[in-house]
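To start, the structure under review is shown below, and the notes come after it.
The values are calculated or read from the model by the stated rules, or taken from the named source; none is laboratory data. If you're wondering where the values come from, they're calculated on a predicted model, not measured in any experiment. Positions of Cβ are backbone-derived with ideal geometry, glycine not excepted, and every protein chain shown enters the neighbour counts.
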């Protein structure tokens, strides 16, 4: 019997591949439920902006007098916060540790006996800390007041409107002589209805009637042509008013406007003419 016959024959086997590597250990089986590693999610909360902000919070939370700080209690609460941040594995800024050392120093100096003749304000170890806290409180209050003011993009939003200058010209329709005579005929017909015998003839002036017509029209609105005539004056008054209107049209002091053929005729003053009778 040879040596090769005594050695058992084994075939090579392929090892099972890991699905994932979690904290250096291979995961060979699929999880039955949603699996989140313990260190997969970390939440960082910035509760305080610095050690002075933390001290000011501890003082205000207990309604303590900032000029008479119980340094032992404040130091204890401060150190509890530092230990909590260490347990949560939050990164502590160096200034927090400097403030912890400063509080420990003040606490130790408060335990030492002080001469009776020394003034409290000069030898009080808390004086420098109180001064820094008061200064920080003033700046913090000023920052809150500034933040409460309306800000552009938060409470105030600028707007812009583009105004397009559009000049629209509306030409006035021309008034034909036939339409003018037709309107005059209608006025004369109504004047005959109110004509009566005059014992004494009242003088009628074309210049005075021109002033009256100018006082009745303006450049902002249209006046109906027939309203300028006084029917009670009879034919003479109608003729004088017509002459006054024609004279004003000739001098470009008024305009005759008609929207369409056989429509009412309107009178208006041009834009450049003063509306007062003195014109």
Test: residue 45 is closer than 25 Å to residue 96 by Cα, assigned to a loop (DSSP other than H, G, I, E, B), within 52 Å of the chain's Cα centre (by Cα) and modelled with pLDDT of 70 or more:
no
How do the pairs read when you match residues in the range 78-92 that are not assigned by TED's automatic domain parsing to the domain that holds residue 58 with residues anywhere that are modelled with pLDDT of 80 or more, using Cβ under 7 Å and keeping only pairs 6 or more apart or on different chains?
none
Subset of the range 50-76, residues over 42 Å from the mean Cα position of the chain (by Cα), touching a residue at least 12 places away in the same chain (Cβ under 8 Å) and either not assigned by TED's automatic domain parsing to the domain that holds residue 128 or not in a loop (DSSP other than H, G, I, E, B) (or both), comes to 71, 72, 74, 75
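Looking at 186, 192, 179, which is the one that is modelled with pLDDT under 80 and in a helix (DSSP H, G or I)?
That would be 192, the only listed residue that is modelled with pLDDT under 80 and in a helix (DSSP H, G or I).
In this structure, does residue 239 turn out to be more than 60 Å from the chain's Cα centre (by Cα) and within 24 Å of residue 269 (Cβ to Cβ)?
Values: more than 60 Å from the chain's Cα centre (by Cα): yes; within 24 Å of residue 269 (Cβ to Cβ): yes.
The answer is yes for residue 239.
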Scan the range 225-239 and tell me whether some residue there is on the phi > 0 side of the Ramachandran plot and either exposed (fewer than 14 other Cβ atoms within 10 Å of the Cβ) or at pLDDT 85 or above (or both).
no
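Based on what the data block shows, is residue 172 in a loop (DSSP other than H, G, I, E, B) and in contact with a strand residue (DSSP E or B) (Cβ under 7 Å, 6 or more places away or on another chain)? It would help to see each step written out before you state the result.
Numbers: in a loop (DSSP other than H, G, I, E, B): yes; in contact with a strand residue (DSSP E or B) (Cβ under 7 Å, 6 or more places away or on another chain): yes.
Answer is yes for this residue.
For residues that are part of a loop (DSSP other than H, G, I, E, B) and touching a helix residue (DSSP H, G or I) at 6+ places or on another chain (Cβ under 8 Å), scanning just the range 240-272, find the one that is surrounded by the fewest Cβ atoms within 10 Å (Cβ to Cβ). I'd like the intermediate steps shown before the answer.
Let us first name the residues in the range 240-272 that are part of a loop (DSSP other than H, G, I, E, B), namely 251-254, 259-264, 269-272.
Then keep just the ones that are touching a helix residue (DSSP H, G or I) at 6+ places or on another chain (Cβ under 8 Å); that gives 253-254, 261-262, 264, 269.
Values: 253: 18, 254: 26, 261: 10, 262: 8, 264: 14, 269: 22.
Top of the filtered list is 262.
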Odd one out for residue 169, checked against (1) under 30 Å from residue 252 (Cα atoms); (2) modelled with pLDDT of 85 or more; (3) loosely packed, with under 10 Cβ neighbours inside 10 Å
(2)
Condition (residue is without any contact (Cβ under 8 Å) to a residue 12 or more places away in the chain and closer than 20 Å to residue 267 by Cα) applied to the range 142-162: is it met by at least one residue?
no
